[in-house]
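> Take a look at the following structure, please.
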Amino acid sequence: MATISVPLLTFRSPQTNRPFPSFFNLNRPLSTSLSSNGSFNHLTVLNSSTSSNQAITETTTSDYSTINVQNDDALDTTLFVIRAKNRIGLLQIITRVFKVLGLTIQKAIVEFEGEFFVKKFFVSDSNGKKIEKAEHLEKIQTALMEAIDTGGVTPSVAVVSGRGVVVRKAGLKLGERKAKAEKMFGLMDGFLKNDAVSLQKDILDHVEYTVARSRFNFDDFEAYQALAHSVRDRLIERWHDTHQYFKKKDPKRLYFLSLEFLMGRSLTNSVTNLGIQDQYADALSQLGFDYEVLAEQEGDAALGNGGLARLAACQMDSLATLDYPAWGYGLRYQYGLFRQIIVDGFQHEQPDFWLNFGNPWEIERVHVSYPVKFYGTVEEEVLNGKTFRVWIPAESVEAVAYDNPIPGYGTRNAINLRLWAAKPSDQYDMESYTTGDYINAIVNRQKAETISNVLYPDDRSYQGKELRLKQQYFFVSASLQDIIRRFKDLHNNFDEFPEKVALQINDTHPSIAIAEVMRVLVDEEHLDWSKAWGIACKIFSVTIHAVQPEALEKVPIDLLGSVLPRHLEIIYEINYCLMEELKKIFGQDYDKLSRMSIIEEGAVKCIRMANLSLACCHTVNGVSRLHLETLKTRVFKDFYELWPQKFQFKTNGVTQRRWIVVSNPSLCSIISKWLGTEAWIRNVDLIAGLREYAEDPDLHAEWKNMKKVNKMRLAEYIETLTSVKVSLDAMFDVQIKRIHEYKRQLLNILGIIHRYDCIKNMDESDKRRVVPRVCIIGGKAAPGYEVAKKIIKLCHAVADKVNIDPDVGDLLKVVFIPDYNVSVAELVIPGTDLSQHLSTAGHEASGTGCMKFLMNGSLLLATADGSAVEIAEEIGATNMFLFGAKVDEVPALREKGTSLKGSLQFARVVRMVRDGHFGFKDYFKSLCETVEEGKDFYLLGYDFASYLEAQATADRAFVDQEKWTQMSILSTAGSGKFSSDRTIEEYAEQSWGIEPCKCPF
């Protein structure tokens, strides 16, 4: 008798070559007894827990086939032993029977006896337990008998597959039902194919049936919609399989709570991570379409404001790629961050109607909705002799889920980003309709939907603050209901909650989640306070992105008490316990107690959301080493002295898949060629291998050609957008980020004015030695931020004068790129020679923008702030251009006030603006006053001379193109540390306590 015993056996459908989701560990032999003539007499299972005389239920089929069932107490699964005549495909049919009955094969052993085989299957139900009920065992045996006899699947039960539920039609005869079930299973059990013909058919099917256009007449946008839906189909396959696998394995899961996710475009990123971009490009080409053109049809999902939101998007990509069991939760804003329109150099804001043409990447889950309550009163209720506080809300809205699959690269895993949209509660609608108040019903609907309408409502008014608080609680409440529901599906004891759930608060916006968890555990689950608080302290961790204490979020107590009365009570109770604990440690040090209190006394009494987070979270994360020092020594000094073990830092990172593979395919090809592998896309540490070739002339030639092609694309974009024609031989000098005084775009513009003034005063021989520059600035100013808006106008005023000056020509061009977003960054960053990061030292927490430029081989001109300090350590300070005051110098410089003098060059360029050299003299007067002596809070005047010297050093380096190229290569080679993959691995190990859970192919 031949025995098969292998570590892993994967069964594949002969029609589709798709692996069945059953995993067999064939490592235990099966012993059979044969009669003298070789016929089958009986079957006995021999192992340590089975004696030879134990009874085994036996069912006989034709051709001397037998099915035996054993439910020995020593086994934690049910044992099925099948003997049947061997034929092609029968093994797959039997495993398919177990699958469609919702059973899981935990282990299997296969042996062959000539034309017969003996198979031993250890099987559990959907909950991982043995099958106990006799009627269930009988159904399974019947199904197996029919399958062995006919090769079909029993029609006596509903057939459930990984692709849905096959419902039996009434009136079919037995054979017809079996044939239909088998046919349906065959149709639904295969993965979608990725060859050109299959892709073309899928795209054309979506053109006709999803987009509802004739497949013989559709334009680029309709082709994009069909293409996107065909890609989404493939994402959903992986997405379903991943979450079924997570449910089966039940690992500890991370839930990432963030009010912002700046995802950008999804098509190219998804196709890249699926590994089928070339196939799609080929398929579309044969249909007469250009993949790149169709990709440009997609709009940005601008559900975030800046670095924090883009960081969240990068982290979702890394969580999926590294196979971590994770969910993201946020808000599905009806309108994203505003569209920036420039009229005569002035910024104007328009709504971003990003959903006007639908969003093919999301799946609306109308059946996944939760009520979210507001306002009302709190009353007492007695239950089992105990008194409980009960919230009686006065308003309710429904949170409806929209799921966005996030694929990993080089893995089958695809995780979920679930965004919530606000809809009116049916209860309140029905009340209005019942009373005939149709208008009120409409008003209620509009009022409810307002909650998820706008990203960053203007919170300068009470109504704006109220809407912001309602947004925060709305998404937190819905997310926690979803998380707890998922936990309860598999567990009934909240003692296990910290072992299965990790909650990450992305900045302090979702901090109300702490009070909500306490409310649910105490008020709804009736846990005692100390136990509930112990659970909360084990599940929460927070990342703080703020640098200045005044940037930390505060909520007026009156507002919180009105909108969330029960949560205010809970926060008061948390604060009381905190203060009692602190009094035991610090005694009567009321100044320290006041600073550490969650409640801030003052003209407007407020809740300090950051202090609430610090009181509860087991880990408080900074986003760079320098940022952590700021948190420890300045922002949260008292808390650090009390709980130093809580404070950690994980330097932010960005995903190389979006910022090299997708945005810079030419660079991606060069890296893969010279490293001899594409493994760096998943293991970015390998990119350091480029250092070995940093002086290789062949690599230099390829590198310079890559940069020229990217600059050409950017130059064409600039000319199309602004009508400014730029020279490809010029240094492309870029600063793109949110417009803010601390980011010092004004320093950049004043430096441009100085360069312009110098060129104007040069003779022709000196001009020939000038390094030509194209100075590119992009970014949005918050609608109410007047200083930032004036900086944008000054940039345009300078550009209007410089770009048409014949004395300057191509030596200097100034370009402002409007409506800066992720897609614009994907075009600008690869074409950049020099990237500027000018924040006043101590004001930038991390600065992920410099990491994107670093990966793309741009040289950095930066202050020693945020992650720039760590970048200098990785690539060497000689390979970047550092300038300006250091973090520890800034406070002393500010104390000097009016005695702190700027350079003469600085005074001259400011005077040029003040005197109206660029027009708008009165308009720019207040802007000039922000940097004059005694008012120059961000130290532009002090840093100006150092800034000009760094610019001169960059000019000298650019003249030596071989040196510049070598520095560029070393920048890319040193970028590995700044991948979000590394960031996520550190979070997983040090904060969340989660492990990879890789869905098998």
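> Using only Cα atoms, tell me the angle between helix 307-321 and the longest principal axis of the chain; keep it within 0 to 90° and round to the nearest 10.
Roughly 30 degrees, rounded to the nearest 10.
> Describe numerically, in nm with one decimal, the distance between label points set 7 Å from Cα along Cα→Cβ at Arg768 and at Glu208.
Inter-label distance under the simple model: 6.9 nm.
> In what sequence, largest accessible area first, do Phe289, Phe497 appear using a 1.4 Å probe? Please list the in-between numbers first.
Working: Phe289 40, Phe497 5 Å².
From most exposed to least exposed: Phe289, Phe497.
> Now for a separate question. Run the numbers on the chain and let me know its relative contact order in percent, using alpha-carbon pairs under 8 Å that are six or more apart.
Relative contact order here is 10 percent.
> In whole angstrom, note down how far apart the Cα centers of segment 642-701 and segment 766-797 are.
What the calculation gives is 31 Å, centre to centre.
> Okay, moving on. Please report, largest first and rounded to whole Å, the three semi-axes of the ellipsoid equivalent to segment 854-1001, where each semi-axis is the square root of five times an eigenvalue of the C-alpha gyration tensor.
Ellipsoid semi-axes (Å, largest first): 39, 22, 15.
> What do you get for the angle between helix 961-973 and the principal long axis of the chain? Use alpha-carbon atoms, 0 to 90 degrees, nearest ten.
So the helix axis and the longest Cα principal axis differ by about 40 degrees.
> With the cut-off at 28 Å, tell me which of the pairs Lys584/Lys646; Lys252/Lys554; Lys650/Lys743; Lys500/Lys584; Lys632/Lys886 have Cα atoms farther apart than that.
Lys252/Lys554; Lys500/Lys584
> A further question on this structure: Using a 1.4 angstrom probe on the protein heavy atoms only, line up Lys129, Lys120, Lys605, Lys99 by accessible area, largest first. Provide the component values of the computation, followed by the final result.
On the way: Lys129 135, Lys120 0, Lys605 80, Lys99 30 Å².
So the residues, ranked largest to smallest area, are Lys129, Lys605, Lys99, Lys120.
> Where nothing but the Cβ of Lys and Arg (+1) and of Asp and Glu (-1) is charged, how large is the charge dipole of segment 482-532 around its Cα centre, in debye to the nearest 20?
80 debye
> Suppose every K and R has +1 on its Cβ and every D and E has -1 on its Cβ; what is the size of the dipole of the chain about the Cα centre, in Debye to the nearest 20?
Approximately 1140 debye in magnitude.
> While we're here: Given the options Val100, Phe80, Thr66, identify the residue whose Cα lies farthest towards the positive end of the charge dipole of segment 66-150 (+1 on Cβ of Lys, Arg; -1 on Cβ of Asp, Glu).
Of Val100, Phe80, Thr66, it is Val100.
> Looking at the chain, what % of its DSSP beta bridges pair antiparallel, to the nearest 5?
On the way: 79 of 126 bridges.
Approximately 65 percent, going by the DSSP bridge assignments.
> Summing +1 for each Lys or Arg and -1 for each Asp or Glu, what net charge is found among the other residues whose Cβ lies under 11 Å from the Cβ of Pro407?
It works out to a net charge of +3.
> Further question: On a 0 to 90 degree scale, rounded to 10, what angle separates helix 220-249 from the longest Cα axis of the chain?
Result, in degrees: 60.
> Kindly provide the chymotrypsin sites (Phe, Trp or Tyr not before Pro) of segment 912-969 that DSSP labels as loop, not H, G, I, E or B, and whose Cβ sees at most 14 other Cβ atoms within 10 Å. Before the final figure, lay out the partial values.
Values: sites: Phe918, Phe920, Tyr923, Phe924, Phe937, Tyr938, Tyr942, Phe944, Tyr947, Phe958, Trp964; in loops: Phe918, Phe920, Phe937, Tyr938.
Counting only loop positions with at most 14 other Cβ atoms within 10 Å, the chymotrypsin sites (Phe, Trp or Tyr not before Pro) in segment 912-969 are Phe937.
> Sticking with this one: For segment 710-978, give the magnitude of the charge dipole about the Cα centre (Cβ charges: +1 Lys/Arg, -1 Asp/Glu; no others), in debye to the nearest 20. Walk me through the numbers on the way to the answer.
On the way: 33 positive and 36 negative charges, 98 e Å.
Approximately 480 debye in magnitude.
> Mean shadow of segment 710-978, computed from the convex hull of its alpha carbons, in nm²?
Values: hull surface 54.4 nm².
Here the figure is 13.6 nm², rounded to one decimal.
> Which of the chymotrypsin sites (Phe, Trp or Tyr not before Pro) found in segment 202-285 are loop residues per DSSP with 16 or fewer other Cβ atoms within 10 Å of their Cβ?
Answer in residue order: Phe216.
> For the chain, what is the accessible area per residue in Å², given a 1.4 Å probe and the full set of protein chains?
Per-residue value: 41 Å².
> Here is a follow-up. Relative to the compact-globule scaling 2.2 N^0.38 Å, provide the ratio for the alpha-carbon radius of gyration of segment 921-1001.
1.97
> Taking Lys592 as the anchor, which aspartates and glutamates have their alpha carbon closer than 16 Å to its alpha carbon, excluding any fewer than eight residues away along the same chain?
Glu580, Glu581, Glu600, Glu601, Asp638, Glu641
> Output needed: percent of Cα pairs per 5 Å distance bin for segment 270-395, bins running from 0 to the one holding the longest distance.
Each 5 Å bin holds this share of Cα pairs: 2, 7, 9, 12, 14, 14, 12, 10, 7, 5, 3, 2, 2, 1, 0, 0.
> Where the accessible area of the chain is counted over protein heavy atoms with a 1.4 Å probe, how much of it, in %, is carbon and sulfur? Display every interim value, and only then the final one.
Values: 20690 of 40860 Å².
Reported share for carbon and sulfur atoms: 51 percent.
> Still on this structure: Starting from the exponent 0.38 and prefactor 2.2 Å, build the expected Rg for segment 66-150 from its residue count and divide its actual Cα Rg by it.
Numbers: Rg = 12.3 Å, N = 85, 2.2 N^0.38 = 11.9 Å.
In units of the 2.2 N^0.38 Å rule of thumb, it is 1.03.
> So if we plug the beta-carbon distance of Glu601 and Asn356 into 1/(1 + (r/R0)^6) with R0 = 60 Å, what FRET efficiency do we get, rounded to 0.05?
It comes out at approximately 0.80.
> With Kirkwood radius over Cα pairs in Å in mind, check (1) 35.7; (2) 33.9; (3) 32.0 and report the label derived from this structure.
Label of the calculated value: (3).
> A further question follows. Using the beta-carbon distance between Trp643 and Tyr375 and R0 = 30 Å, what value does 1/(1 + (r/R0)^6) give for FRET efficiency, to the nearest 0.05? Intermediate values should be presented prior to the final figure.
Working: r = 35 Å, r/R0 = 1.18.
Working from the Cβ atoms, E equals 0.25.
> Which length gain, in nm to one decimal place, applies between Lys583 and Lys130 when the Cα-Cα distance is subtracted from 0.36 nm times their residue separation? Show your work: numbers first, answer last.
Values: separation 453, 0.36 × 453 = 163.08 nm, distance 5.51 nm.
Fully extending the segment from Lys583 to Lys130 adds 157.6 nm.
> Also: Based on the alpha-carbon gyration tensor of segment 827-928 and its eigenvalue square roots a ≥ b ≥ c, which shape applies: rounded if a/c is under 1.5, prolate if not and a/b is larger than b/c, or oblate?
Cα axes put segment 827-928 in the oblate bin.
> Please compare each pair in Lys247/Lys531; Lys725/Lys760; Lys423/Lys465 to a cut-off of 24 Å on the Cα-Cα distance and tell me which ones are over it.
Beyond 24 Å: Lys247/Lys531.
> Right, next: Which of the aspartates and glutamates could be linked to Lys896 by a straight reach, that is with a Cα gap under 19 Å, when you skip same-chain ones fewer than 8 residues away?
Asp888, Glu929, Glu932, Glu933, Asp936, Asp943
> Counting helices only, and only those DSSP H runs with n ≥ 4, report the 222 nm mean residue ellipticity of the chain as the sum of -39,500 (n - 2.57) divided by its residues, in deg cm²/dmol to the nearest 500.
-13000 deg cm²/dmol, from helical runs alone.
> Let me ask another. Relative contact order (percent) for segment 66-150, with alpha-carbon contacts under 8 angstrom and 6 or more residues of separation?
33 percent
> Now for a separate question. With every protein chain present, what accessible area does Thr898 have (1.4 Å probe, heavy atoms only), rounded to the nearest 10 Å²?
For Thr898, the solvent-accessible surface is approximately 90 Å².
> How would Tyr375, Tyr462, Tyr324 line up by accessible area, probe 1.4 Å, largest first?
Tyr462, Tyr375, Tyr324
> Determine the sum of side-chain charges near Phe636: Lys and Arg each +1, Asp and Glu each -1, restricted to other residues whose C-beta is under 13 angstrom from that of Phe636.
Working: positive: Lys592, Arg595, Arg608, Lys632, Arg634, Lys637, Lys646; negative: Glu629, Asp638, Glu641.
Local net charge: +4.
> Tyr923 to Asn705: extension gain in nm, 0.36 nm per residue of separation minus the Cα-Cα distance?
Length difference between fully extended and current span is 74.1 nm.
> Please work out how much accessible surface Asp763 shows to a 1.4 Å probe, ignoring ligands, DNA and RNA, in Å² rounded to 10.
Its heavy atoms expose roughly 80 Å² to the probe.
> From the cross-link list Lys852/Lys977; Lys780/Lys901; Lys708/Lys963; Lys704/Lys767, which pairs have alpha carbons spaced over 20 Å apart?
Where the Cα-Cα span goes over 20 Å, the pairs concerned are Lys780/Lys901; Lys704/Lys767.
> Also, I was wondering about something else. Where the centroid of each part is defined by its Cα atoms, how far is segment 849-876 from segment 302-318 in Å?
Rounded to whole Å, the Cα centres lie 19 Å apart.
> Sticking with this one: I need the trypsin sites (Lys or Arg not before Pro) found in segment 453-547, filtered to DSSP loop residues with at most 11 other beta carbons within 10 Å of theirs.
Those satisfying the criteria are Arg460.
> Okay, moving on. So if I take the centroid of the Cα atoms in segment 357-387 and the same for segment 462-538, what is the distance between those two points in Å?
Between the Cα centre of segment 357-387 and that of segment 462-538, the gap is 12 Å.
> What number comes out for the charge environment of Leu308, summing +1 per Lys or Arg and -1 per Asp or Glu over other residues with Cβ under 10 Å away?
Numbers: positive: Arg310; negative: Glu260, Asp507.
With Lys, Arg at +1 and Asp, Glu at -1, the net is -1.
The values are calculated or read from the model by the stated rules, or taken from the named source; none is laboratory data. All values derive from a computational prediction rather than experimental measurement. We place every Cβ from the backbone using ideal geometry, glycine too, and count neighbours over all the protein chains shown. SASA here: full protein model, heavy atoms, side chains in, ligands and nucleic acids out. Shrake-Rupley method; radii C 1.70, N 1.55, O 1.52, S 1.80 Å.
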